[in-house]
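The values are calculated or read from the model by the stated rules, or taken from the named source; none is laboratory data. Not measured: the values here are computed from a predicted model. For neighbour counting, all protein chains shown are included, and Cβ atoms are generated from backbone atoms with ideal geometry for every residue, glycine included.
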Amino acid sequence: MQFWKDTMDRLVLQRRALSIREHFGVDDNSPMDLFSLVHTNSDITLIFYPFKEEISGVCIKSANLIAINSNSTLGRQAFSIAHELYHYFYDGEKTSISLYTQANFKVEKEANLFASYLLMPDSSFTRFYNKLTNNGTKKIDLHDILEIEQYFRVSRNAVLVRLIQEEYMTSEESEQYKRNIVKNAKKYGFDISLYLPADFEEPKTYGSYLKKALELKDLGLISDGKYEEYLLEAYRSDIVFDDNGEEDIYD
């Protein structure tokens with residue numbers, strides 16, 4: 001009975017993940033750039049903030065806000081965004097704080113599984129695995145794992161957990177792949193940015209908040225000073241002071 005319940009739960013989460021992919025206009029065969037899709041979404045405000053280590057993300061549905069720990073690696077941040085999207089679209093709670101220590105809570109387990117299916121759709125993941133292992137006749141190796149995580153732009157942990165879940169690997173076998181991640185990625189010629197924290201020197205806000213603040217200013221509902229105040233509160237002094245020093249390049 002439990003087997004069928006678990007199977008049905010996974011099918012529901014797979015359907016929900018595919019539904020959100022459709023919502024963002026992404027098919028189930030393509031990698032998903034959640035950073036671009038979410039922070040250009042007209043409804044969601046996305047904040048990168050240096051939370052304490054145990055906090056991976058926060059979702060405040062009433063404010064249409066998702067906040068991600070900027071200290072985590074790029075791959076982990078992508079997974080955290082996917083995780084928080086589950087809370088945003090499907091969790092009945094108005095506010096959620098995702099802690100690594102709560103990973104075994106029912107809703108957190110659902111959010112993690114949803115995130116895995118969102119970033120690595122079942123059919124696409126299976127095809128990729130079969131291609132790399134010649135339909136399972138070759139044992140998966142380090143290079144294969146690197147290819148999977150680089151293609152789907154997810155963390156090493158996300159790939160290993162999924163491989164174990166699909167029974168392509170045992171938990172004991174996965175242990176050897178939890179060391180020297182950056183070093184081995186370099187050896188095989190892969191970009192290592194996935195395994196490092198994103199370059200956020202300070203908190204940063206993207207998405208709906210900035211768009212709405214600009215609309216209020218353009219409509220004359222707030223002054224230029226108030227608009228700049230809103231930007232500063234959103235950690236966007238770079239817009240207020242134009243302090244990046246970038247020049248436009250049209251090509």
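Evaluating Gly57 against the criteria (1) surrounded by 18 or more Cβ atoms within 10 Å (Cβ to Cβ); (2) assigned to a loop (DSSP other than H, G, I, E, B); (3) in contact (Cβ under 8 Å) with a residue 40 or more places away in the chain leaves one unmet condition, (2).
Yes or no, residue by residue, for (1) of a type outside the set (Ser, Thr, Tyr); (2) touching a helix residue (DSSP H, G or I) at 6+ places or on another chain (Cβ under 8 Å); (3) in the same structural domain as Asn157 (by TED's automatic domain parsing):
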site: Arg179; (1), (2), (3): yes, no, yes
site: Ala185; (1), (2), (3): yes, yes, yes
site: Leu196; (1), (2), (3): yes, yes, no
site: Lys212; (1), (2), (3): yes, no, no
site: Leu221; (1), (2), (3): yes, no, no
site: Glu229; (1), (2), (3): yes, no, no
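Selection of helices (runs of 4 or more DSSP H) fully inside the range 85-175 by the criterion of at least 3 residues being assigned by TED's automatic domain parsing to the domain that holds Ser19 and over 21 Å from Ile192 (Cα atoms) returns 106-119, 122-132, 156-165, 171-174. Within the range 185-211, the set of residues being surrounded by fewer than 17 Cβ atoms within 10 Å (Cβ to Cβ), part of a helix (DSSP H, G or I) and at pLDDT 95 or above comprises Lys186, Lys187. Does the range 175-204 hold any residues that are touching a residue at least 12 places away in the same chain (Cβ under 8 Å) and among the β-branched types (Val, Ile, Thr), and which are they? Of everything in the range 175-204, those that are touching a residue at least 12 places away in the same chain (Cβ under 8 Å) and among the β-branched types (Val, Ile, Thr) turn out to be Ile181, Val182. Residues in the range 34-54 that are in a helix (DSSP H, G or I) and hydrophobic (A, V, I, L, M, F, W, C) were compared, and the one that is surrounded by the most Cβ atoms within 10 Å (Cβ to Cβ) is Leu34.
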